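The values are calculated or read from the model by the stated rules, or taken from the named source; none is laboratory data. Keep in mind the model is a prediction, meaning the values are calculated, not measured. Positions of Cβ are backbone-derived with ideal geometry, glycine not excepted, and every protein chain shown enters the neighbour counts. The protein model used for the area step is the full one, side chains on, heavy atoms only, and it has no ligands, DNA or RNA in it. Shrake-Rupley method; radii C 1.70, N 1.55, O 1.52, S 1.80 Å.
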Amino acid sequence: MSDLDNTLLPIYTQERFVEVWFRDVSKKFAQNGMEPAKALEGVSRGIRAMIYNDGSKKNIEVFYDKVFEISGYTERDIAPVMYDYYTTTFENVYDLTLPNPHAVRIAELMREKARYAAVATMPVFTIEAVENRMKWVGLKPDMFDFITTAETSSYSKPNPLYFQEILDRFGAKPDEALMIGNDVREDMQPCAELGIDVFLVMNHMITHDLPFDMYRRGSYDDLINFLEQL
């Protein structure tokens with residue numbers, strides 16, 4: 001398994017990424033005759049609801065339930081706008097990402113060395129958004145057996161059950177898996193708690209001021225060397 005944002009896909013600044021996302025989504029809502037502030041509040045609270053999902057529903061269901069509760073807009077109102085955004089204007093955040101010449105090689109090694117290869121990204125985006133971000137570093141969906149999205153996941157990081165759900169999909173045990181990530185709190189800690197082996201990519205590491213010396217770690221080159229030797 002590998003994380004996407006800031007692991008396979010480096011982002012220049014997460015804060016600016018979010019700022020541009022909200023700006024452009026707001027414009028899409030206005031263009032479709034909706035009240036941007038009300039719709040954005042619903043979407044923001046919907047994303048938060050996905051992050052704290054207890055597994056009773058898929059994230060996408062929790063999202064639209066909360067959107068309707070907060071804004072009064074339904075999935076029928078919101079979904080076409082979000083699809084339009086992710087397949088067009090979303091390209092605006094491409095300029096806030098960085099190239100990663102190692103991404104394709106890492107994906108190839110994951111497929112070569114593992115029975116199953118999965119993109120374990122924060123599952124608050126729809127498949128269109130995730131596949132768009134993947135292509136910015138040369139990755140294609142068919143390089144992987146599974147990609148976590150809002151449609152497929154019932155939990156979110158850093159809940160260990162998010163990772164357990166991926167294992168369950170393939171009938172895999174924790175000690176049969178490896179998680180590659182850059183975030184100590186969202187990737188390393190929950191996987192270590194489950195007994196999943198980890199590799200902390202340090203090029204764009206996020207520590208949240210948490211200790212990380214206990215985890216296997218290194219640069220992209222170190223990761224590739226590690227995977228080649230498996």
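Could you tell me what percent of the accessible area of the range 34-142 is made up of carbon and sulfur, with a 1.4 Å probe and every protein chain present?
The computed percentage sits at 51.
Among the helices of the chain (complete DSSP H runs), which have Cα atoms covering no less than 20 Å along the helix axis and a Kyte-Doolittle mean of at least -0.5?
Membrane-span-like by this rule: 36-51.
Can you tell me the equivalent ellipsoid semi-axes for the range 64-145? Use √(5λ) from the Cα gyration tensor, largest first, whole Å.
Over the Cα atoms of the range 64-145, the semi-axes work out to 30, 16, 9 Å.
Work out the P(r) tail for the range 1-63: percent of alpha carbon pairs separated by more than 18 Å, whole number.
55 percent
Can you divide the C-alpha Rg of the range 17-113 by 2.2 N^0.38 Å and report the result to two decimal places?
1.31
Let's test the formula: R0 of 30 Å, r as the Cβ-Cβ distance of D95 and K38. What FRET efficiency results, to the nearest 0.05?
Efficiency, from the Cβ-Cβ distance: 0.55.
What base-10 log of the normalised intensity I(q)/I(0) is obtained for the chain from the Debye formula, alpha carbons as equal point scatterers, at q = 0.14 Å⁻¹?
-0.89
Just add up the charged neighbours of F212: K/R +1, D/E -1, any other residue whose Cβ is under 13 Å from the Cβ of F212.
Taking every other residue near F212 into account, the sum is -2.
Over the chain, what is the percentage of antiparallel beta bridges among all DSSP beta bridges, to the nearest 5?
Of all bridge pairs located within the chain, approximately 10 percent are antiparallel.
Sticking with the crude label model, points 7 Å out along Cα→Cβ, report the distance from E108 to E69 in nm, one decimal please.
Taking the two extended label points, one gets 4.7 nm.
Averaged over every viewing direction, what's the projected area of the C-alpha convex hull for the range 121-195? Give it in nm², one decimal, please.
Average of the hull's projected areas for the range 121-195 equals 4.9 nm².
What is the Cα centroid distance between the range 180-230 and the range 47-82, reported in whole angstrom?
31 Å
Can you tell me the accessible area per residue over the range 5-146, all protein chains present, probe 1.4 angstrom, in square angstrom?
49 Å²
Could I get the Rg over Rh figure for the range 154-218? Both from C-alpha atoms, Rh via Kirkwood, rounded to two places.
Here the Rg-to-Rh quotient is 0.96.
Pick from G138, G171, G33: which is most flexible by mean-square fluctuation in a GNM of the chain where alpha carbon atoms under 10 Å apart are linked?
G33
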